Amino acid sequence: MKILLVEDEPKTAEYIKIGLTENGFDVELAANGQKALQEVISKPYDLLITDIIMPGMDGRELVKEVRKTNQEIPVLMLTALGTTEEIVVGFETGADDYLVKPFEFKELLVRIKSLLKRSSRFQQEDSVLSIADLTLNLDAKTVVRGGKKIDLTAKEFGLLEYLLRNKGKTISRAELAKNVWKIDFDTGTNMVEVYVNYLRKKVDKDFTQKLIHTQFGMGYVLREEA
């Protein structure tokens, strides 16, 4: 698997590169966003790992530009900014996962393997998921409800996909955090609630039949109203 690592701190970049190389990955380095953008456009990569705070084009701007031409490459953001607002902004720009510094190297490996596994798995599964008049197409990365196209961010799309794959099942906030954000511990944030509300505004607000329901004290369920 070929990884592009974007990190402007040479010691950190070299440390991560050595560790990933020892674990069988082919890693190339870019010291800034401009260089990384050129690399992604000109070469095929299986994963993009980028810091956020960098001179010139920062990580968020880089991901925005990458997403204009490449919706498929998984993106992992590394940053010291760990507030709910910063995490949400990171996902809104098109990141697939978010790892807060400082982190254990083994946690980085887990996140990388999870993203790569998901990327490969999606190509082998059914490409269309649906409930009522809502349809999600994994290949085209589109969502349509009642004939109306709904624009979702990458993380909203992932959340809706997980709900669709488990329609009719009550899913706890912890399960959503683990399976959509790959976080298996309490972050002390309301990130899951924030994204469920984002999704509701786009998927349910303009429609009479509501599909996303709250099971108080238990979590959320995607189902058709009786």
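The values are calculated or read from the model by the stated rules, or taken from the named source; none is laboratory data. Treat the numbers as computed from the prediction; the structure is a model and nothing was measured. Reconstructed Cβ throughout: ideal geometry from the backbone, glycine too, with neighbour counts over all protein chains shown. Ligands, DNA and RNA are stripped out before the accessible areas are found, and what is left, the full protein with its side chains, is counted by its heavy atoms. Shrake-Rupley method; radii C 1.70, N 1.55, O 1.52, S 1.80 Å.
Of everything in segment 151-210, what is surrounded by fewer than 19 Cβ atoms within 10 Å (Cβ to Cβ) and among the polar types (S, T, N, Q)? Give them in sequence order.
Once the filter is applied, which keeps residues that are surrounded by fewer than 19 Cβ atoms within 10 Å (Cβ to Cβ) and among the polar types (S, T, N, Q), segment 151-210 yields Asn166, Thr170, Ser172, Asn179, Thr187, Thr189, Asn190, Asn197, Thr208, Gln209.
Please verify whether segment 70-89 includes one or more residues that are among the small types (Gly, Ala, Ser), modelled with pLDDT under 90 and assigned to a helix (DSSP H, G or I).
no
Give the residues of segment 50-92 that are open to solvent by 40 Å² or more (accessible area, probe 1.4 Å), touching a residue at least 60 places away in the same chain (Cβ under 8 Å), within 25 Å of Lys141 (Cα to Cα) and not acidic (Asp, Glu), sorted by residue number.
The one that is open to solvent by 40 Å² or more (accessible area, probe 1.4 Å), touching a residue at least 60 places away in the same chain (Cβ under 8 Å), within 25 Å of Lys141 (Cα to Cα) and not acidic (Asp, Glu): Gln71.
Being assigned to a helix (DSSP H, G or I) and either open to solvent by 70 Å² or more (accessible area, probe 1.4 Å) or in contact with a Ser or Thr (Cβ under 8 Å, 6 or more places away or on another chain) (or both) is the filter here; which residues of segment 6-20 pass it?
Of everything in segment 6-20, those that are assigned to a helix (DSSP H, G or I) and either open to solvent by 70 Å² or more (accessible area, probe 1.4 Å) or in contact with a Ser or Thr (Cβ under 8 Å, 6 or more places away or on another chain) (or both) turn out to be Pro10, Lys11, Glu14, Tyr15, Ile18.
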